[in-house]
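The values are calculated or read from the model by the stated rules, or taken from the named source; none is laboratory data. Just so it is clear, the model here is predicted, and its values are computed rather than measured. A quick note on method: Cβ atoms are made from the backbone with ideal geometry, for glycine too, and the neighbour counts reach across all protein chains shown. Accessible surface areas use protein heavy atoms only, side chains included; no ligands, DNA or RNA. Shrake-Rupley method; radii C 1.70, N 1.55, O 1.52, S 1.80 Å.
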Amino acid sequence: MMGPAHSLSGAAAWLGVGAAAAAAGHAMPWPVLVVGALICAGAALAPDLDHKSATISRAFGPVSRLLCEIVDKLSYAVYKATRTKKDPRRTGGHRTLTHTWVWAVAVGAGCSAAAIGGGRWAVLAILFVHLVLAVEGLLWRAARVSSDVLVWLLGATSAWILAGVLDKPGNGANWLFEAPGQEYLWLGLPIVLGALVHDIGDALTVSGCPVLWPIPIAGKRWYPLGPPKALRFRAGSWVELKVLMPVFMLAGGAGGAAALGYI
């Protein structure tokens with residue numbers, strides 16, 4: 001899928017988690033719901049770090065472009081080293097390593113560890129990166145015509161304000177983990193969820209997605225999971241724009257309302 005649909009699906013997924021948490025009697029404070037949805041929307045763009053033309057490649061200027069090139073080469077190297085005889089030959093790393101559950105869990109765990117070990121500045125860095133990506137995905141029309149500096153300033157300002165809100169008693173820093181020093185351990189959860197939602201979205205497209213790597217399926221270690229080919233669509237097609245994106249908006253709205261106790 002394209003960047004805006006990925007971000008919408010990520011936000012909707014976290015709002016759905018919020019609704020489920022409320023139904024289970026462990027409702028999220030509203031700041032956790034909002035911040036988690038924004039992080040998940042940003043994280044839903046991150047698996048495309050292996051694609052030099054993706055939205056994320058433009059998000060942080062030369063830094064993100066260079067990172068995309070490095071990740072593409074790393075992903076391709078891992079693909080070549082682990083492919084079986086039934087896996088096709090490739091010339092690049094797009095939709096390989098970064099589109100797997102292993103990558104999603106590793107990145108989420110790494111961010112949680114950084115949030116615990118790095119303190120407030122690490123939390124601010126995680127929020128900044130994902131809020132910039134959320135702006136690029138959710139407000140992509142405005143982001144395209146704005147300067148990168150304005151988007152970065154918006155991300156930095158929002159990260160500072162939201163971190164301050166979360167830090168206030170009862171607002172959610174310790175929503176899930178209450179032990180001293182572990183308050184922000186939950187930050188990895190929307191990051192894992194966003195990456196997995198991205199993979200599921202790509203699995204619906206023509207090429208499928210090897211989300212279960214390295215588990216072998218039908219003799220392939222990079223088996224492209226997806227529905228029957230007749231039910232798949234091309235990225236950017238009318239199915240994505242006219243059907244899926246409105247569905248994500250409606251599902252997110254319903255999830256948010258349920259999480260806040262309005263329905």
Problem set entry | Test for Leu45: is it within 23 Å of Val102 (Cβ to Cβ) and either open to solvent by 20 Å² or more (accessible area, probe 1.4 Å) or more than 16 Å from the chain's Cα centre (by Cα) (or both) | no
Problem set entry | Set Leu74, Leu67, Leu33: member being open to solvent by 40 Å² or more (accessible area, probe 1.4 Å), assigned to a helix (DSSP H, G or I), closer than 26 Å to Gly10 by Cα and touching a Phe, Trp or Tyr at 6+ places or on another chain (Cβ under 9 Å) | Leu67
For this session: Scan segment 196-224 and report the pairs whose first residue is at negative phi and whose second residue is part of a helix (DSSP H, G or I) and β-branched (Val, Ile, Thr), with Cβ atoms within less than 7 Å and a gap of 6+ or a chain change.
Result: Trp213/Val102; Pro214/Thr82; Arg221/Thr82
Exercise. Only one residue in Gly164, Gly155, Gly118, Gly137 is among the small types (Gly, Ala, Ser) and touching a Ser or Thr at 6+ places or on another chain (Cβ under 8 Å). Which one?
Worked result: Gly137
Seminar exercise, completed: For segment 230-245 the number of residues that are assigned to a helix (DSSP H, G or I) and either open to solvent by 50 Å² or more (accessible area, probe 1.4 Å) or polar (S, T, N, Q) (or both) is 6
Problem set entry | Close pairs from segment 150-165: first hydroxyl-bearing (Ser, Thr, Tyr), partner assigned to a helix (DSSP H, G or I), Cβ under 6 Å, at least 6 apart | Ser158/Leu131
Problem set entry | Residue check, Trp152 surrounded by 11 or more Cβ atoms within 10 Å (Cβ to Cβ), under 12 Å from Leu131 (Cα atoms) and not aliphatic (A, V, I, L, M) | yes
For this session: For segment 208-223, state whether one or more residues are at pLDDT below 90 and either open to solvent by 40 Å² or more (accessible area, probe 1.4 Å) or among the hydrophobic types (A, V, I, L, M, F, W, C) (or both).
Result: no
Exercise. Quick one: Ala195 ticks every box in (1) open to solvent by less than 50 Å² (accessible area, probe 1.4 Å); (2) among the small types (Gly, Ala, Ser); (3) not in a helix (DSSP H, G or I) bar one, so which box is it?
Worked result: (3)
For this session: Please indicate, with yes or no, whether at least one residue in segment 209-229 is closer than 26 Å to Ala59 by Cβ and assigned to a helix (DSSP H, G or I).
Result: no
Problem set entry | Long-range neighbours under 9 Å by Cβ, at least six apart or interchain, first residue without any contact (Cβ under 8 Å) to a residue 60 or more places away in the chain within segment 1-23, second open to solvent by 20 Å² or more (accessible area, probe 1.4 Å) | Ala20/Ala258
Problem set entry | Index of the failed condition, Ala113 passing every other in (1) surrounded by 15 or more Cβ atoms within 10 Å (Cβ to Cβ); (2) in a helix (DSSP H, G or I) | (1)
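Among the residues of segment 36-55, how many are part of a helix (DSSP H, G or I) and either at pLDDT below 90 or not hydrophobic (A, V, I, L, M, F, W, C) (or both)?
Qualifying residue count for the region: 6.
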Seminar exercise, completed: Among residues of segment 1-30 being over 21 Å from Gly261 (Cα atoms) and part of a loop (DSSP other than H, G, I, E, B), the residue least open to solvent (accessible area, probe 1.4 Å) is Met1
Exercise. Going by the conditions given, is Leu150 part of a helix (DSSP H, G or I) and within 30 Å of Leu231 (Cα to Cα)?
Worked result: no
